[in-house]
Amino acid sequence: MTAPSLFNSGKRQKAELPTATGPASGLFANIVFDRPLDTEYTYAIPTDLVEKIGVGKRIEAPFGRGGKTTIGFCVRVTDQAPNTGFDIKSIVRVLDEDAIIDDHLMKLTRWIADYYLCGWGQVLHAVVPAGVRENAGTRVAAFVEPVAKEQLPNPLPTVSPQQKNALDKLKKEGRPLEILQLARIAKCTGGVIAGLVKKGLLRKFSERIETEAGAGRENDEGEETGDSRPPLAIELNADQQRVWDQIRVALGSTGGYKPFLLHGVTGSGKTEVYLRAIEETVKQGKEAIVLVPEISLTPQTISRFSGRCGNVAVLHSHLTDAERGGYWRRVASGHVQVVVGARSAVFAPTRKLGLIVIDEEHENSFKQESTPRYHARDVAVMRARLEGIPILMGSATPSLESWANAARGNYTLLSMPNRVESRPMPAVKIIDLRHEPKPSGKHFAIGTTLEKAMRDTLKAKGQIILLLNRRGFSTHVHCQACGHVAQCQNCDLALTFHRTKAALVCHFCGFETAPFQKCPSCTQPGMRYQGLGTEKLHAEIEEKFPGHVCQRMDSDTMAKPGSHQRVLDAFRDGLIHILVGTQMIAKGLDFPNVTLVGVVNADVGLHLPDFRSAERTFQILAQVAGRAGRGDKGGNVLVQTFTPDHPCITLAANHDFVTFAGQELAHRKEHQYPPYHRMARLIVRSEKEDAASQFADTLAAAFAEATKRALANGEQAPAGLRSSATATPPVRILGPAECPVFRLNNFYRFHFQVQSSDSAMLHTVLRDVLAIARPPSGVEFQVDIDPFSML
């Protein structure tokens with residue numbers, strides 16, 4: 001069978017060819033597979049599977065021309081036979097005893113497939129963890145129980161003393177026991193118990209149970225939990241009380257969908273508001289989902305939820321498949337009241353969901369960069385809408401999409417403009433590196449002003465956080481003779497030198513090579529290592545501040561489970577004086593003794609070819625500045641930059657999100673960017689440049705035809721978006737063009753940027769194009785709705 005194109009304009013339902021196997025029941029099941037297909041395939045349900053089949057269960061069925069047995073999801077059961085003219089194949093096997101996807105998640109995943117333009121089967125496959133699909137953390141165990149009195153053989157058979165002892169032990173337990181467990185208790189062999197089964201005195205049956213690896217521990221995450229002492233409930237201040245009063249009403253008995261955007265400055269006490277809302281939800285016998293960025297899943301964050309919120313399951317990247325599968329099963333069975341995790345936790349199979357909380361809702365990590373390319377915040381909002389519950393999104397620097405939704409009245413805006421205990425926001429000083437005196441010695445990352453402030457802070461027994469959002473030692477290696485730059489052999493990206501590894505590393509594909517002793521191009525010695533990363537900054541601090549302990553936190557040093565906890569515990573206990581890191585230290589940390597925060601280079605990421613670069617720079621500066629001044633000593637922030645007059649830097653220094661949002665939104669509106677226009681990005685890639693280029697041209701022609709058809713159908717752009725002389729096309733198409741990073745992982749890439757003020761129109765044109773887009777062998781293309789990565 002030739003695979004149909006994604007999102008055919010015809011029917012979604014398609015019957016599999018040709019013959020059925022086994023006696024048919026007259027019932028049929030619609031099945032979707034983990035393929036980029038917007039098609040439901042109809043199969044006959046054999047009589048012996050009628051009682052086992054159900055929506056949300058996985059099945060095995062022959063699929064494709066070769067009839068290969070393939071796993072799919074049942075999405076519908078009907079007695080209406082498809083009118084295809086062909087015999088229909090039958091389902092081979094039902095894999096799940098109980099549905100692993102409930103009705104709420106079925107509706108949510110269908111919406112994800114429609115909105116993000118991917119196959120429904122792909123979404124369902126991604127939603128269910130591998131540990132659940134593979135039954136990781138479980139095993140099939142053999143149990144025995146006494147036969148009911150009315151079913152005992154007559155006359156009763158004689159039993160040996162060992163058999164009688166085993167039978168008495170089992171009856172005393174009052175519940176079924178595993179055969180091995182009963183054998184241990186009765187101190188007999190399995191043969192003794194098998195004899196009781198053969199004589200009709202015991203009934204043997206099998207059941208899938210959790211193993212120790214999959215059992216998990218609510219409120220106990222081992223090394224990841226940190227200090228699990230429950231935080232004490234505090235008395236709310238005026239801002240917190242005003243916000244909580246509105247949320248409490250929404251959580252009342254009437255319920256209903258109610259989206260809140262909580263804009264609270266760093267240190268304003270947003271977490272306490274979250275906890276109050278979660279506690280109230282649990283008191284009502286409902287469950288809550290809390291989404292936090294992966295880098296914020298620190299022991300400190302986790303401990304805030306443990307103890308006050310019932311049984312808490314924490315989902316993070318260090319869990320094994322068995323542990324993740326165990327948590328999924330316990331959430332589904334109602335044994336967990338609160339699920340805390342990164343973006344995939346939005347799919348937790350709660351039985352009676354009452355609240356969703358999203359902390360740091362602006363975070364880019366909520367966007368998934370592989371199929372399905374969903375944004376967890378937007379999926380959470382849709383889940384709250386579908387299930388009719390409140391959702392609380394919080395941030396000191398909300399995303400401009402959420403801010404615009406609040407301005408339109410789609411979200412209720414809640415404001416907490418003051419820090420708790422009336423603490424002032426930290427004073428921020430911008431250091432213009434163009435005029436800063438050059439420091440002496442071979443290191444230059446820490447300017448003279450920042451160095452003096454650090455010495456003063458350490459003298460006063462304070463602690464320091466330094467942010468540099470770039471890993472490695474030297475980020476640029478080139479030949480002084482011919483100018484050759486060390487580049488990845490797979491990507492159009494410069495290699496970064498990591499001194500600890502003694503290697504040049506590509507941060508995208510992971511390629512590594514030994515440092516060059518001489519230029520690979522001209523063979524001259526004298527390769528120059530330039531640029532600055534956290535590793536080099538760490539070395540500079542150790543040289544300039546030899547009497548103090550410095551620790552680096554980035555993805556290179558924090559790869560092992562428990563690394564975060566060990567470093568943060570030591571920092572909290574005063575064993576570390578200076579903490580250096582990337583964005584993982586910019587949020588979620590609350591250390592009262594941090595009296596100085598330094599931003600070593602505020603310009604990292606500011607000048608990328610990405611319309612969100614200013615927003616991201618503002619967010620990370622505002623977030624890291626918020627780590628200072630959380631105790632009685634107060635705090636200061638020093639920001640080193642070569643662009644001191646850029647609005648995102650000056651406004652972040654003034655803690656003025658509202659003005660920044662107003663200016664940036666005006667800029668977005670002028671240039672037809674989100675949130676005023678919806679956007680999609682299509683990437684065509686191939687290991688052969690010509691093949692990618694030719695298919696990109698084919699797509700360009702398809703877009704032109706699709707736009708003409710939309711206009712012919714009378715689907716014009718809104719009046720405000722077209723001139724009086726000529727009508728503006730309903731969808732703006734930019735491209736094809738080479739991606740800013742043209743070659744990645746040996747793939748040459750071309751991209752399109754598609755924009756429209758009407759989301760439905762954008763999807764109409766994209767579906768029209770994708771229905772006829774058939775990439776040749778060796779060419780792939782990706783569709784990203786609401787993209788976050790523009791490189």
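Worth a mention:
- When the C-alpha to C-alpha distance is required to be over 29 Å, the pairs from Lys57/Lys688; Lys536/Lys560; Lys501/Lys633; Lys461/Lys544; Lys587/Lys633 that qualify are Lys57/Lys688; Lys501/Lys633.
- When each of the peptides 743-753, 514-524 is scored by how many other beta carbons lie within 10 Å of its residues on average, the order from highest to lowest is 743-753, 514-524.
- Helix 689-712 vs. the chain, principal-axis angle (Cα, 0 to 90°, nearest 10): 80 degrees
- Between the Cα long axis of helix 448-459 and the first principal axis of the chain there is an angle of about 60°, rounded to the nearest 10.
- Within the chain, antiparallel bridges make up roughly 55 percent of the DSSP beta bridges whose residues both belong there.
- If R0 is 45 Å, the Cβ-Cβ spacing of Arg434 and Lys283 corresponds to a FRET efficiency of close to 0.20.
- Over the chain: helical MRE at 222 nm, DSSP H runs n ≥ 4 each giving -39500 (n - 2.57), nearest 500: -9000 deg cm²/dmol
- Spin-label pair Leu711-Ser563: with each label point 7 Å from Cα along the Cα-Cβ axis, the two points sit 5.5 nm from one another.
- Antiparallel content of DSSP bridges confined to segment 494-634, in %, to 5: 60 percent
- Relative contact order (%) - criterion: Cα under 8 Å, at least six apart; region: the chain: 11 percent
- Solvent exposure, largest accessible area first (probe 1.4 Å, DNA, RNA and ligands not counted), of Asp245, Asp697: Asp697, Asp245
- Close amide H partners of Leu262, meaning residues 5 or more places away or on another chain with modelled amide H under 5 Å apart, are Met393, Gly394, Ser395, Leu414.
- In the context of the full set of protein chains, segment 296-447 has a per residue accessible area of 35 Å² (1.4 Å probe).
- Where Cys188, Cys491 fall by accessible area, highest first, once all protein chains stay in place (1.4 Å): Cys188, Cys491
- Close amide H partners of Lys352, meaning residues 5 or more places away or on another chain with modelled amide H under 5 Å apart, are Glu287.
- For the chain, the longest principal axis of the Cα atoms and the long axis of helix 103-115 meet at an angle of about 50 degrees.
- For segment 28-115, GluC sites (Glu not before Pro) are listed when DSSP marks them as loop and at most 14 other Cβ atoms sit within 10 Å of their Cβ; the list is Glu51, Glu97.
- Mean Cα-pair separation over length for segment 296-443, i.e. relative contact order, pairs under 8 Å, 6 or more apart, %: 16 percent
- Exposure of Phe347 as accessible area (Å², to 10), given a probe of 1.4 Å and all protein chains: 10 Å²
- Set of lysines near Lys283 by C-alpha distance (under 24 Å), chain-local residues within fewer than 8 positions excluded: Lys258, Lys270, Lys352
- For segment 465-515, the percent of C-alpha pairs falling in each 10 Å distance bin, counted from 0 to the bin holding the largest distance, reads 27, 51, 19, 3.
- Cα gyration tensor shape of segment 563-635, rounded if a/c is under 1.5, else prolate or oblate by comparing a/b with b/c: prolate
- For Lys198, a cut-off of 15 angstrom between C-alpha atoms picks up these aspartates and glutamates, skipping any fewer than 8 places away in its own chain: Glu145.
- Listed by chain and number, the lysines whose C-alpha is less than 21 Å from the C-alpha of Lys52, apart from same-chain residues fewer than 8 away, are Lys89.
- This model, with +1 at the C-beta of Lys and Arg and -1 at the C-beta of Asp and Glu, gives the chain a dipole about its Cα centre of some 1060 debye.
- Heavy atoms of Leu251 accessible to a 1.4 Å probe, total area in Å² rounded to 10: 10 Å²
- Shape call, segment 64-103: gyration tensor on alpha carbons, a/c limit 1.5: oblate
- Using a simple spin-label model with pseudo-atoms 7 Å out from Cα toward Cβ, Asp573 and Lys187 lie 4.7 nm apart.
- Neighbour cut-off at most 16 other Cβ (10 Å), DSSP loop, trypsin sites (Lys or Arg not before Pro), segment 338-419: Arg351, Lys352
- Average accessible surface area per residue within segment 541-609, 1.4 Å rolling probe, Å²: 38 Å²
- From phi via Karplus (6.51, -1.76, 1.60), per-residue ³J(HN,Hα) for segment 273-281 in Hz, x at Gly/Pro: 5, 4, 5, 4, 5, 5, 4, 4, 5
- Cα-based shape type of segment 260-382, given that a ≥ b ≥ c are square roots of the gyration tensor eigenvalues and the cut on a/c is 1.5: rounded
- For the chain, cysteines whose Cβ has no other cysteine Cβ within reach (under 4.7 Å): Cys74, Cys118, Cys188, Cys309, Cys509, Cys550, Cys648, Cys739
- Segment 552-710, relative contact order in percent, only Cα pairs under 8 angstrom and at least six apart counted: 18 percent
- What a 1.4 Å probe finds exposed on the chain is 50% carbon and sulfur by accessible area, rounded to a whole percent.
- Restriction of the chymotrypsin sites (Phe, Trp or Tyr not before Pro) in segment 70-148 to DSSP coil positions whose beta-carbon has at most 14 other beta-carbons within 10 angstrom yields Phe86.
- Inverse of mean 1/r across different Cα pairs in the chain, Kirkwood, Å: 30.0 Å
- Scoring 554-566, 587-599 by mean Cβ neighbours within 10 Å over their residues and listing the highest first yields 587-599, 554-566.
The values are calculated or read from the model by the stated rules, or taken from the named source; none is laboratory data. No experiment lies behind these values; they were computed from the predicted model shown. Methodologically, a virtual Cβ is constructed for each residue, glycine included, from the backbone with ideal geometry; neighbour enumeration extends over all protein chains shown. Accessible surface is based on the protein model in full, side chains and every heavy atom, while ligands, DNA and RNA are left aside. Shrake-Rupley method; radii C 1.70, N 1.55, O 1.52, S 1.80 Å.
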